[in-house]
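The values are calculated or read from the model by the stated rules, or taken from the named source; none is laboratory data. These numbers come from a predicted model, not from an experiment. As a convention, Cβ positions derive from the backbone with ideal geometry for all residues, glycine included, and neighbour counts pool all protein chains shown. Each accessible area value is taken on the protein alone, full model and side chains, heavy atoms only, with ligands, DNA and RNA left out. Shrake-Rupley method; radii C 1.70, N 1.55, O 1.52, S 1.80 Å.
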2 protein chains.
Amino acid sequence: MATGLRELKKQQTRQAISSAATRLFIERGFETVTIAEIAAAAQVAKMTVTNYFPRKEDLALDYHETFAAGLARTVADRSAGESALAALRREFLAGVERHDAVIGFSSQGFARMISDSPTLTARLRDLHDQREDALAQVLAADTASAPGDLTARAAAALLGAAHRTLFEHIMDLTREGRSNRQIASTVTRSAHQVFGLLETSLADYAMR
Amino acid sequence: MATGLRELKKQQTRQAISSAATRLFIERGFETVTIAEIAAAAQVAKMTVTNYFPRKEDLALDYHETFAAGLARTVADRSAGESALAALRREFLAGVERHDAVIGFSSQGFARMISDSPTLTARLRDLHDQREDALAQVLAADTASAPGDLTARAAAALLGAAHRTLFEHIMDLTREGRSNRQIASTVTRSAHQVFGLLETSLADYAMR
DNA sequence: CACATTTTTAGGTCAGTCCTAAATTTATGT
DNA sequence: ACATAAATTTAGGACTGACCTAAAAATGTG
């Protein structure tokens, strides 16, 4: 299993489709480009596009697993004596330094493509939601909360809301044409402000 | 203008379509019922269904204006000396007593219809989002916040997250078959807990 | 009652999603 | 090395929701 050639070809096909799609989307907008055009540009059958990317949105937002699992992973991996809030803030600030796509960094063309498309903004909301659900599960397990107890879900909702707000802030600045470096500087302050808002509410929650 | 007969017929047509749709959706699920079937059941043309309800989801979730404007209205109407958080908590608790659909009360069939349909859960997320945006606008205007200041958006996100968490909690209990009276009793406690979480963060925010 | 306006209808186009069966390509066992 | 198995890609089509246009029907107004 996992033989080289077949796997290689699959990755090449996937990459060819993804590249063609991204180019067309940024050129002409997500909604006006059809799957048939993408297939033609990548020189594959329409069905092959669908096989690799079940929904059209997946062609533009291809990091769902990484994105959806991020917050839960950060909390699961936090060190002793660190609260969930502290771990998420630390990791977010590190992401700012990295200009990480997972917290909202991209290019002006990409940011415009997303905000110009109702389909893609809806899909992004969906990803934020999955991310929050995964976080809620980790928090519930970690704090051994009783079934029916809302605390973990509420905390996940608040922490998810903070991340989503900062994500949208980064996207706004990106659309305005600011450089990633300048955005990083601005958002570092924003992050301290937004996480600071939750400090008094969640400072002791899910302390390991 | 606004002559009686024409307006009456429109309302009747709208009601006939909505009733047929609701009945079919609860019987057989949102996704498997087609617009053509709804049109046939209501004895109108397919296009008439689309004219009244531009998206299929509107046939099941018909309170978008009321829903989306609710939080913003509550905050705009709050009395002197009341914070945004206090006003929203007060109004939510009143909604619990009313068994208000806007905060999540419905029937088991309705709740199941929604959670069984990805399209409808996505649409519900969208409504929560619009509601949060409207709240953010009111908060920004009311606190005279500088452009680029994230505080209003962050506060709206946290308050919206609280409402969404409680909404989902009510839907969960409804799906489990609890009576609205029992749900009201449980959710009153949940609301105090969830809004209490935000007390230390937002007690002084947007005090009028 | 004739005329203007609004609403409904019929018919069609288009794109995204899903399905099936066949053809092609790659891997594996003898 | 070759036959066989497995995985991938292809072609074609079905179905639905969304959208469009022109005509028909219903309603309100002078």
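Quick one: A:ARG89 ticks every box in (1) in contact (Cβ under 8 Å) with a residue 24 or more places away in the chain; (2) closer than 24 Å to A:GLY196 by Cα; (3) touching a Ser or Thr at 6+ places or on another chain (Cβ under 9 Å) bar one, so which box is it?
Exception for A:ARG89: condition (3).
Identify, please: which residue in segment B:40-50 is open to solvent by 20 Å² or more (accessible area, probe 1.4 Å) and more than 12 Å from DNA strand D (Cβ to nearest atom) and is, among those, farthest from the other protein chains (Cβ to nearest Cβ)? Before the answer, list the steps.
So in segment B:40-50, the residues open to solvent by 20 Å² or more (accessible area, probe 1.4 Å) come out as B:40-41, B:43-48, B:50.
Now restrict to residues that are more than 12 Å from DNA strand D (Cβ to nearest atom): B:41, B:43.
Numbers: B:ALA41: 29, B:GLN43: 32 Å.
Here the residue is B:GLN43.
Tell me, which residue of segment B:159-179 that is open to solvent by less than 50 Å² (accessible area, probe 1.4 Å) and more than 13 Å from chain A (Cβ to nearest Cβ) is farthest from the chain's Cα centre (by Cα)?
Looking only at segment B:159-179, we keep the residues that are open to solvent by less than 50 Å² (accessible area, probe 1.4 Å), and these are B:159-167, B:169-174, B:177.
Still in the list and also more than 13 Å from chain A (Cβ to nearest Cβ): B:174, B:177.
Values: B:THR174: 15, B:GLY177: 20 Å.
Among those residues, the one meeting the criterion is B:GLY177.
Which one is nearest to the other protein chains (Cβ to nearest Cβ), of the residues in segment A:51-90 that are open to solvent by 50 Å² or more (accessible area, probe 1.4 Å) and within 16 Å of DNA strand C (Cβ to nearest atom)?
A:ARG55
What's the total number of residues in segment B:91-106 that are within 16 Å of B:SER179 (Cα to Cα) and surrounded by fewer than 21 Cβ atoms within 10 Å (Cβ to Cβ)?
6
Considering only residues that are open to solvent by less than 10 Å² (accessible area, probe 1.4 Å), more than 9 Å from chain A (Cβ to nearest Cβ) and either among the acidic types (Asp, Glu) or under 18 Å from the mean Cα position of the chain (by Cα) (or both), which ones fall in segment B:132-158? Write out each step before concluding.
First, the residues of segment B:132-158 that are open to solvent by less than 10 Å² (accessible area, probe 1.4 Å): B:135, B:139, B:150, B:152, B:154-158.
Remaining after also requiring more than 9 Å from chain A (Cβ to nearest Cβ): B:135, B:139, B:152.
Listed by number, the list holds a single entry, B:LEU135.
Those residues that are polar (S, T, N, Q), within 19 Å of A:PHE110 (Cα to Cα) and in a loop (DSSP other than H, G, I, E, B), I need them from segment A:20-71; list them, please. Don't jump to the end; show me each part of the working.
We begin by selecting, within segment A:20-71, every residue polar (S, T, N, Q); these are A:22, A:32, A:34, A:43, A:48, A:50-51, A:66.
With the extra rule that they be within 19 Å of A:PHE110 (Cα to Cα), the set shrinks to A:22, A:32, A:34, A:66.
A:THR32, A:THR34, listed by residue number.
Would you pick out the residues in segment B:190-208 that are crowded, with 19+ Cβ neighbours inside 10 Å and more than 7 Å from chain A (Cβ to nearest Cβ)? Even if it seems obvious, please write down each step before you answer.
First, pick out the residues of segment B:190-208 that are crowded, with 19+ Cβ neighbours inside 10 Å: B:190-191, B:194-195, B:197-198, B:201-202, B:205-206.
Correct list: B:ALA191, B:PHE195, B:LEU202, B:TYR205, B:ALA206.
Give just the number: which of (1) near DNA strand C (Cβ under 9 Å from one of its atoms); (2) assigned by TED's automatic domain parsing to the domain that holds B:GLY95 does B:GLN12 not satisfy?
Checking B:GLN12 against (1) near DNA strand C (Cβ under 9 Å from one of its atoms); (2) assigned by TED's automatic domain parsing to the domain that holds B:GLY95, the one that fails is (2).
This table checks each residue for (1) farther than 30 Å from B:THR32 by Cβ; (2) basic (Lys, Arg).
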position: B:PHE110; (1), (2): no, no
position: B:ARG125; (1), (2): no, yes
position: B:ASP133; (1), (2): yes, no
position: B:ALA157; (1), (2): yes, no
position: B:PHE167; (1), (2): no, no
position: B:THR174; (1), (2): no, no
position: B:ASN180; (1), (2): no, no
position: B:VAL194; (1), (2): yes, no
position: B:MET207; (1), (2): yes, no
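Checking A:ALA184 against (1) within 13 Å of chain B (Cβ to nearest Cβ); (2) in contact (Cβ under 8 Å) with a residue 60 or more places away in the chain, only one condition comes out false. Which one?
(1)
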